[in-house]
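Have a look at the structure that comes next, please.
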Amino acid sequence: MKVLYITYDGLLDPLGSSQILPYLYGLNDPSRSIFIISVEKSNRYEANYSALRDELSKKNIYWKPLLFSKKFGIFGKLWDLYKMYYSAVKLSAFYKIDTVHARGHVAAQVASFLKSLFNIKFIFDFRGLWADERVDKGGWNLDKTIDRAQYKFFKNKEKKLLSHADQTIVLTNKVVREVCKISDINSNQITVIPCCADFVHFSLQTKKTKAKIKKQLEISENSLVFGFLGSVGSMYLLEDYLRLIELIHLKYQSRDTDIFGLIITNDLQKAQDAKNNILPQELKDKTLVLSASREEVPKLLHSLDVLISFIASTYARQGASPTKIAESFACGIPVISNKGIGDVEDQVNAVNGGRVINDTSIESLKEIILDLDQVLLLDRNKIRSKAEEFLSLDIAIERYKDVYSKLI
């Protein structure tokens with residue numbers, strides 16, 4: 001089997017190193033030749049291209065990187081799309097590709113065209129309700145004519161792409177019914193593969209590793225640390241996390257227990273601004289904001305007692321699978337989340353890995369405070385071992401292989 005994998009995300013992006021390359025490495029075997037088209041940011045391309053090219057070459061994976069267009073708005077995106085079409089047609093014809101695997105809606109347009117042109121198999125790695133996610137994140141404002149036009153175009157295109165795909169991969173069980181409703185495809189054409197974690201890379205937290213990282217971060221050894229991991233924006237409720245930190249501080253101050261917050265994000269300025277606007281001075285000094293590479297994230301997670309994952313619950317979130325949930329569970333760290341986010345509630349319950357609150361209102365935050373002592377006592381070895389049964393990278397790779405086998 002000769003597989004062309006197309007993604008509008010860059011392999012050199014943090015997402016590429018955590019959620020694309022590990023899967024492709026797992027799928028790379030003698031029965032399968034892999035070719036990749038990705039769209040890379042120029043700064044990361046210049047700094048890291050040679051190292052990744054050599055790594056992929058050693059694994060006999062062909063990589064065709066394209067440069068992302070930062071300028072000219074929608075016209076820059078159309079130019080990117082043209083480059084993807086041109087490169088994909090050229091590679092498919094030259095190497096006689098028989099299967100195209102598209103990650104996301106933009107890449108799926110190219111894949112659908114290749115299927116029509118060369119009569120090859122098309123896997124739509126759907127990821128989520130992308131057009132609606134764009135609205136949630138503020139990328140498209142539906143009050144603007146051009147953004148509203150793009151939204152309508154992609155919602156219409158979404159239905160056609162789903163109907164044209166031979167197999168579709170989604171991230172959650174919750175979104176399967178919606179996908180079938182959108183496209184009238186049969187559920188047996190859909191495979192659910194949640195965002196998983198590499199349980200080797202994300203090792204089990206121990207007392208020793210916890211103490212070591214706390215010392216490095218200059219956090220007192222007997223303190224409780226509550227973490228926030230990932231992007232900052234309207235969809236990711238950092239302000240509610242900070243309000244919870246303040247409530248936790250009020251609960252434990254009579255016990256002479258220090259409370260620390262740890263925000264791990266690449267959006268450093270936004271996180272600092274939110275911290276300074278919401279927290280009282282005594283907590284500002286005990287809430288750290290740090291960026292981290294993929295190699296550094298597991299180490300920082302080992303300092304945590306609980307990970308807080310608050311995300312706005314919208315229509316699009318039924319298709320979301322936060323990677324940080326799997327990564328936290330891999331470290332044995334419990335999670336506090338809110339309802340309405342993909343299969344998170346089912347995952348938390350399955351591993352007895354924390355609590356899921358109704359929403360992030362002050363009333364709900366106060367309720368979880370009452371149960372916090374029980375969350376802190378959860379068995380971390382059991383959290384990791386149960387999560388490994390369905391949220392490990394190895395399990396995800398086997399499911400991807402099953403999808404490929406259905407096409408043979």
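Among the residues of the stretch 34-86, which ones are of a type outside the set (Lys, Arg) and part of a strand (DSSP E or B)?
Pass one, the stretch 34-86, residues of a type outside the set (Lys, Arg): 34-40, 42-43, 45-52, 54-57, 60-63, 65-69, 72-76, 78-82, 84-86.
Once the filter is applied, which keeps residues that are of a type outside the set (Lys, Arg) and part of a strand (DSSP E or B), the stretch 34-86 yields ILE34, PHE35, ILE36, ILE37, SER38, VAL39, GLU40, TYR62, TRP63, PRO65, LEU66, LEU67.
Consider the stretch 35-85. How many of its residues are within 18 Å of LEU15 (Cβ to Cβ) and among the aromatic types (Phe, Trp, Tyr)?
Here the count works out to 4.
Would a scan of the stretch 180-189 turn up a residue that is buried (at least 19 other Cβ atoms within 10 Å of the Cβ) and under 28 Å from SER17 (Cβ atoms)?
no
Further, regarding this structure: Please pick out the residue among LEU24, LEU114 that is in a helix (DSSP H, G or I) and under 25 Å from the mean Cα position of the chain (by Cα).
Sole residue among the options that is in a helix (DSSP H, G or I) and under 25 Å from the mean Cα position of the chain (by Cα): LEU24.
Results for (1) surrounded by 15 or more Cβ atoms within 10 Å (Cβ to Cβ); (2) touching a residue at least 40 places away in the same chain (Cβ under 8 Å), shown as yes or no for each residue.
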position	(1), (2)
ILE97	yes, yes
PHE124	yes, yes
ALA149	no, no
THR168	yes, yes
VAL176	yes, no
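Which helices (runs of 4 or more DSSP H) does the stretch 130-185 wholly contain that include 1 or more residues that are among the hydroxyl-bearing types (Ser, Thr, Tyr) and in the same structural domain as SER112 (by TED's automatic domain parsing)?
Qualifying helices (runs of 4 or more DSSP H): 145-164, 176-183.
I would also like to ask the following. Can you tell me how many residues in the stretch 207-226 are without any contact (Cβ under 8 Å) to a residue 24 or more places away in the chain and within 21 Å of GLY354 (Cβ to Cβ)?
The qualifying residues number 1.
If a residue counts only when it is in contact with a Leu (Cβ under 7 Å, 6 or more places away or on another chain), touching a residue at least 12 places away in the same chain (Cβ under 8 Å) and not basic (Lys, Arg), which helices (runs of 4 or more DSSP H) contained entirely in the stretch 346-408 have at least 2 such residues?
Passing ranges, in order: 362-370, 393-407.
Any residue in the stretch 14-40 that's over 16 Å from MET84 (Cβ atoms): show its pairings with residues that are among the charged types (D, E, K, R) and part of a helix (DSSP H, G or I) at Cβ separation under 8 Å, as long as the two are six or more apart or on different chains.
Note: pairs meeting the criteria are GLY26/ASP394; LEU27/LYS401.
Please list, ordered by residue number, the helices (runs of 4 or more DSSP H) wholly in the stretch 193-289 having 3 or more residues that are in the same structural domain as CYS331 (by TED's automatic domain parsing) and surrounded by 22 or more Cβ atoms within 10 Å (Cβ to Cβ). Step through it out loud before you land on a result.
Numbers: elements: 207-217, 238-252, 268-278, 281-284.
Output list reads 238-252.
Now a separate question. Given (1) within 22 Å of PHE122 (Cα to Cα); (2) surrounded by 16 or more Cβ atoms within 10 Å (Cβ to Cβ); (3) of a type in the set (S, T, N, Q), identify the lone condition not met by SER31.
SER31 satisfies every listed condition except (2).
The values are calculated or read from the model by the stated rules, or taken from the named source; none is laboratory data. Here the structure is a predicted model, which means the values were calculated and not measured. All Cβ positions, glycine included, derive from the backbone under ideal geometry; neighbour counts span all protein chains shown.
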